[in-house]
1. Might you let me know whether the range A:372-381 holds any residue that is within 9 Å of chain B (Cβ to nearest Cβ) and not aromatic (Phe, Trp, Tyr)?
2. Run down A:Ala343, A:Ala337 and say which single residue is modelled with pLDDT under 95, surrounded by fewer than 19 Cβ atoms within 10 Å (Cβ to Cβ), outside any strand (DSSP E or B) and away from chain B (no Cβ under 12 Å).
3. Taking strands (runs of 3 or more DSSP E) that do not extend beyond the range B:1-103, which have at least 1 residues that are of a type in the set (S, T, N, Q)?
4. Condition (residue is modelled with pLDDT under 95, surrounded by fewer than 17 Cβ atoms within 10 Å (Cβ to Cβ), charged (D, E, K, R) and under 16 Å from B:Gly44 (Cα atoms)) applied to the range B:247-264: is it met by at least one residue?
5. B:Pro270: modelled with pLDDT of 90 or more, farther than 30 Å from A:Glu413 by Cβ and exposed (fewer than 12 other Cβ atoms within 10 Å of the Cβ), yes or no?
6. Checking A:Gln379 against (1) of a type in the set (S, T, N, Q); (2) under 24 Å from B:Val206 (Cβ atoms); (3) surrounded by 14 or more Cβ atoms within 10 Å (Cβ to Cβ); (4) out of contact with any Leu (no Cβ under 8 Å at 6 or more places or on another chain), only one condition comes out false. Which one?
7. Suppose we filter A:Leu166, A:Leu143, A:Leu147 for residues that are within 14 Å of chain B (Cβ to nearest Cβ) and either among the hydrophobic types (A, V, I, L, M, F, W, C) or under 15 Å from A:Thr2 (Cα atoms) (or both); which single one remains?
8. Evaluate the range B:161-171: report whether one residue or more is within 21 Å of the chain's Cα centre (by Cα), surrounded by 12 or more Cβ atoms within 10 Å (Cβ to Cβ) and either at the interface with chain A (Cβ under 9 Å from one of its Cβ atoms) or in a loop (DSSP other than H, G, I, E, B) (or both).
Amino acid sequence: MTRKLLTGNGAAAWGARLSASDYIPAFPITPQTEIIETLAGWIDNSDLDARLVTLESEHSMITAAAAAASTGVRVFSATSSQGLLYGMEMLYTVAGWRSPFVLVNVSRGLASPITLGPDHNDIMAARDSGFLQIHCATCQEVLDSTLIAFRLAEHTRVRLPVIVNLDGFYLSFTREPVDIPDSKLARQYVGDYDAENIRFRASAPLSQAVAVLGGSPYSYFRYESHLAAQDSLEIYHEVTEEFNQLFGRQYDAIDCYRSDDADYVFVMMGSFATKAKEAVDQLRDTGFAIGLLRPRLMRPFPAQIFQQLLACKKGVAVIDQNLSMGMGGVLHSELAASLYGQAHAPPLLMSYIGGLGGRDISSEEFFEIASELRLSAEQGKTPPPRLLYTKTELREVRKLQAVAHVERQDLDEGNTHE
Amino acid sequence: MYRIRFHGRGGQGMKTASRILGTAFFLQGYEVQDAPRYGAERRGAPIFAYVRASKDPINERGIISQPDLVIVADDSLVPVPGAGVISGIDAHTVLLINSDEDPDTWKQRLNFNGSLFTLPVETEARAELRFIGATCTGAAARLLGVISRDALTQAIRQELAELGDAIVEENLSRALSAFGLMEAHAGTVNAGSVVSAHDYQRPQWVDLPFDQARISAPAIHAAATSIAVKTGLWRTMRPLIDYEHCNRCWWVCSTFCPDGAINVDDEGYPHIDYDHCKGCMVCVAQCPPHAIASIPEQDAQAADNEEARA
């Protein structure tokens, strides 16, 4: 084991390397490209015995990934944001093939307007595709989750592709100390990919593009994938337990931080949740009994574990780094669905939207959320959802709009800049 | 925890500088987080990089709003609002600026009472600033006072290994010389504290009002706005056409220019639009008769000023 500074992208590449990936279909996109560049460099230097192929789009890349996985080889790929969406048709399609592979997504906000900063709308768009989702908060977790993802995807009771998600910039380009597991031990952990009856061969053709007209067989196939996804929670528990025994790092479906004896709880996903950890420590210093729950798994959604962990809490603040237009935060909705009607469910489930497009969330904002949470619990009222947005930010937007207004007038009057 | 911010222009090696400092901290037994921050990557545009270092695991992330040390590799960035060089500095912050001008001038200019150091010009001819990252890092390491000469040396060797021995040695010599120059100021930088939940400034949140799409759609209501953005300000090197040697091929430099900043006149002579040339030097590399020279922007500007005075 070596401990060194790695970016989240570097950690993802190490995950692919230690998993002995055979085939890596690729297409570049910021902020993911470094993963593919790193793997390509290793292949050039014979540090990695794999085949990397650049495809002409993410649509083809996802297809190639699943097609290769169907021949029984281990497949790794990576994308981000617009790229994930460009491949969306095939994301849904290949999940139904039940050919396991691992796809890393480096989260980045979606157009329009276009941006490079991170948020989770890209990965949430893949929520219902049949891919399982592991969300990471540190570079260490990116590496380890990639190994775990192969075990999960290839398990005979699962057989679904897995997305490992990390936040652009905040993890992708950020170096942190990472323990790189011993390669033999990592190999031992991931094992060989036993493709069982998934053996697509040119000499023995079979079809993946099955058409089933009529809803009955269609329902069967779709629901079987759902059952496999649900079942994978148990398998996740098994494979992370085994990981912990070998490497000494525990990755529960929900990361609990000072939440056992807490009256109040933050719920967040991804790397911004480490900021919430920091805020929890500071709030605890003032005697505020607050903790953090961070789901690592978005699919399968660990609903029952949430029910247990949140039982008898006085109030919960969900901070969503995504936005479902016309509804609000996705994690908030899913948590509400999980808790509704359950005995001892917390009476207060507040919704905050923050960190869109990488907008920072300050310590002061976490403190203020905690303060609103306690006040609302005491008053027994649930306030409406809130976007974390300050007067200063709005003033800056208004300034830009004033400039735009003048530009428009100039244009209407036929003035140009030249 | 130490919170350090590097400011420079794309191509001046600020990402590498932050990595050298990060690795040096790591070798000293610190937990470390280092990261660059930029938009769509481009040479000459303002970028920053940051380093956090602590004896405990680091949970903070993202931009550093209250830095303990700010390093400015290119003093022309200080007045650029978008560069955010002076954002969040207070009396606790130590400033290190690569500049010809003396510290007192900068203190007066910035109305800053804390510790401010300038890097002596002799450390590098202020042209391409090829080694400014290493120079800044060497000085920064000494100002921090917790990084040994050995750790700095090892960090440079590790981070620059791929560039070959000659470049490593050149960087090392600049870094160690800057490390030596700051000896009297070792440990000037103090680790900052965390924002306490006891007594904090409440965020002034607003409820975002509804605006109609004609206001709130992200459209630019004007044509050719890129003309108004003087991207020539990013240039650190200036291409200069020697018309004596230009063979009026009429197309090579203007076609290869990625920014369309070279126009050809009726007689077949190319003209560079310096308001928008970013100084990528693609034209210099492409010109068949080698008729385009590359000169430091600062020297070119000084010559322009001379000419204007004359």
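The values are calculated or read from the model by the stated rules, or taken from the named source; none is laboratory data. Worth saying up front: this structure is predicted, and the values here are computed from it rather than measured. Using ideal geometry, Cβ is built from the backbone for each residue, glycine included, and neighbour counts are taken over all protein chains shown.
1. First, the residues of the range A:372-381 that are within 9 Å of chain B (Cβ to nearest Cβ): none.
No, there is no match, as no residue in the range A:372-381 is within 9 Å of chain B (Cβ to nearest Cβ) and not aromatic (Phe, Trp, Tyr).
2. Numbers: A:Ala337 fails: modelled with pLDDT under 95.
Answer to the check: A:Ala343.
3. B:31-37, B:46-54, B:94-98
4. Yes, the range B:247-264 contains at least one residue that is modelled with pLDDT under 95, surrounded by fewer than 17 Cβ atoms within 10 Å (Cβ to Cβ), charged (D, E, K, R) and under 16 Å from B:Gly44 (Cα atoms).
5. Numbers: modelled with pLDDT of 90 or more: yes; farther than 30 Å from A:Glu413 by Cβ: yes; exposed (fewer than 12 other Cβ atoms within 10 Å of the Cβ): no.
Taking the combined requirement at face value, the residue does not satisfy it.
6. That leaves (3) as the condition not met.
7. Details: A:Leu143 fails: within 14 Å of chain B (Cβ to nearest Cβ); A:Leu147 fails: within 14 Å of chain B (Cβ to nearest Cβ).
Exactly one of A:Leu166, A:Leu143, A:Leu147 is within 14 Å of chain B (Cβ to nearest Cβ) and either among the hydrophobic types (A, V, I, L, M, F, W, C) or under 15 Å from A:Thr2 (Cα atoms) (or both), namely A:Leu166.
8. no
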